[in-house]
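Working notes, beginning with the structure itself.
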Amino acid sequence: MTIELNDRQKQILGATINHYIATAEPVGSKAIATEYNLKVSPATVRNIMLLLERSGLLYQPHTSAGRVPSDSGYRLYVDELVQPIPDVAQKAESLLAEQFLWGRYRLEVILRQAAQLLSDLSGYITLISLPNSLERRIRLIQLVALDAQQVMVILVLDSYETQSAVISLPSEPQEIDLRDRTLQVLTNFLNHQLQGRSLVDLTLIDWQQLDLDFQDYGQNLQSLFQQLSQHYAQEGTSLVVSGLADVLQQPEFSQVEQVQMLLHLLEDQQDQLTPLISPDHTASSQVQIRIGTENALAPMHCCTLVYSCYCCGNAPVGTIGILGPTRMSYARIIPLVATAADYLSEQVSRSYAVSG
């Protein structure tokens with residue numbers, strides 16, 4: 001449901017959420033009227049807060065208490081009202097550049113150090129997925145005709161692991177000799193482009209080099225390689241988790257049962273968590289935010305996850321996220337995640353270019 005608010009209503013919603021983020025206490029109309037210089041009476045603020053409550057953006061945790069934001073209220077706040085703090089990005093980038101000597105340590109060690117730094121800066125849990133796919137390189141690609149309109153693509157890795165898939169060709173069947181020559185030319189082209197390179201490079205082929213005669217093959221191969229790249233980027237992914245002790249000091253985690261559920265998820269059920277933090281690859285450079293019940297797993301319903309992917313070149317290879325209570329400082333966390341993701345992308349791409 002789309003909720004339309006006027007400027008005054010948005011101003012009071014924003015002030016209420018900012019006050020609640022700062023205090024963790026239900027917010028009354030008097031505090032908003034006196035502390036935020038809105039130039040309106042407490043009665044006017046109270047009426048607007050009542051309207052916001054009826055719209056599902058605020059609620060009262062108990063009778064006679066002030067209001068607190070709902071998940072819907074936070075969503076409107078994040079989408080329309082929050083103003084990221086620019087100093088956060090500058091500080092994070094400076095600290096990342098100062099503390100990490102790329103090329104001297106293994107990538108996993110650096111990502112663990114980065115997770116610790118980000119949890120220190122945010123006060124929340126940092127999650128970083130390790131890019132296992134960077135270690136796998138392509139040894140050989142072979143195209144084999146199965147029949148007039150089906151071709152098997154065989155991919156051999158440096159570990160001699162083999163993957164195969166079948167693509168269909170939409171065009172009219174070719175004569176056998178012409179088809180075999182076409183497949184040989186394509187096989188040579190693909191091996192020239194990819195042999196010895198990482199699996200993430202499957203998405204970086206310059207298809208413009210193909211003649212028009214090969215476009216039917218090229219379009220299907222491009223789609224297949226995108227799927228394979230995404231599969232390998234997620235396969236066997238493990239998570240670096242840092243900052244758990246700090247976030248458990250937040251009042252939202254005062255109930256033992258709630259803490260146990262979250263601990264169990266982070267420590268024993270990472271296979272369930274990992275797919276949820278894989279960003280949409282069509283919007284991989286954007287920070288994404290899941291608030292409360294927008295998270296599919298029940299232990300995360302009291303949490304917000306702010307996350308983005310980091311890339312090697314243009315190919316997503318891992319995810320960085322910050323997990324905290326829904327009452328998190330979005331103005332700090334959003335630029336922090338964006339800056340960290342950009343920095344990791346730059347450094348991973350540079351390190352891989354040197355080693356590759």
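A few comments on the model shown:
- Filter result (in contact with a helix residue (DSSP H, G or I) (Cβ under 7 Å, 6 or more places away or on another chain) and either without any contact (Cβ under 8 Å) to a residue 40 or more places away in the chain or open to solvent by 40 Å² or more (accessible area, probe 1.4 Å) (or both)) within region 9-28: 10, 15, 19
- When the helices (runs of 4 or more DSSP H) confined to region 13-115 are screened for residues that are more than 20 Å from residue 126 (Cβ to Cβ), those reaching at least 3 such residues are found at 29-35, 42-54, 71-76.
- Residue within region 61-68 that is under 30 Å from residue 347 (Cβ atoms) and touching a Pro at 6+ places or on another chain (Cβ under 7 Å) present: no
- Candidate set: region 294-341, residues that are open to solvent by less than 10 Å² (accessible area, probe 1.4 Å) and farther than 19 Å from residue 128 by Cβ; chosen: the one farthest from the chain's Cα centre (by Cα): 325
Residue by residue, here is whether (1) over 15 Å from residue 125 (Cα atoms); (2) part of a loop (DSSP other than H, G, I, E, B); (3) modelled with pLDDT of 95 or more holds:
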| site | (1), (2), (3) |
| --- | --- |
| 299 | no, no, no |
| 306 | no, no, yes |
| 310 | yes, no, no |
| 317 | yes, no, no |
| 322 | no, no, yes |
| 343 | yes, no, no |
| 347 | yes, no, no |
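For (1) in contact with a strand residue (DSSP E or B) (Cβ under 6 Å, 6 or more places away or on another chain); (2) modelled with pLDDT under 75; (3) over 30 Å from residue 108 (Cα atoms); (4) not acidic (Asp, Glu), each residue gets a yes or a no:
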position: 171; (1), (2), (3), (4): no, yes, yes, yes
position: 184; (1), (2), (3), (4): no, no, yes, yes
position: 187; (1), (2), (3), (4): yes, no, yes, yes
position: 193; (1), (2), (3), (4): no, no, no, yes
position: 208; (1), (2), (3), (4): no, yes, yes, yes
position: 246; (1), (2), (3), (4): no, no, no, no
position: 250; (1), (2), (3), (4): yes, no, no, yes
position: 253; (1), (2), (3), (4): no, no, no, yes
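- When residues of region 1-49 are limited to those that are over 18 Å from residue 63 (Cα atoms) and among the charged types (D, E, K, R), the one modelled with the lowest pLDDT: 39
- Some residue of region 241-264 being open to solvent by less than 50 Å² (accessible area, probe 1.4 Å), of a type in the set (Asp, Glu) and either in contact (Cβ under 8 Å) with a residue 40 or more places away in the chain or not in a helix (DSSP H, G or I) (or both): yes
- If you check 97, 43 for being surrounded by fewer than 12 Cβ atoms within 10 Å (Cβ to Cβ), of a type outside the set (Phe, Trp, Tyr) and more than 33 Å from the chain's Cα centre (by Cα), only one passes: 43.
Residue-by-condition table, conditions (1) within 20 Å of residue 326 (Cβ to Cβ); (2) open to solvent by less than 20 Å² (accessible area, probe 1.4 Å); (3) out of contact with any Ser or Thr (no Cβ under 6 Å at 6 or more places or on another chain):
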{"site": "30", "(1), (2), (3)": "no, no, yes"}
{"site": "33", "(1), (2), (3)": "no, yes, yes"}
{"site": "36", "(1), (2), (3)": "no, no, yes"}
{"site": "39", "(1), (2), (3)": "no, no, yes"}
{"site": "59", "(1), (2), (3)": "yes, no, no"}
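The values are calculated or read from the model by the stated rules, or taken from the named source; none is laboratory data. None of the values given here were measured: they were computed from a predicted structure. Neighbour counts are summed over all protein chains in view; Cβ atoms, including those assigned to glycine, are modelled from backbone coordinates with ideal geometry. Side chains included, ligands, DNA and RNA excluded: accessible areas come from the protein's heavy atoms. Shrake-Rupley method; radii C 1.70, N 1.55, O 1.52, S 1.80 Å.
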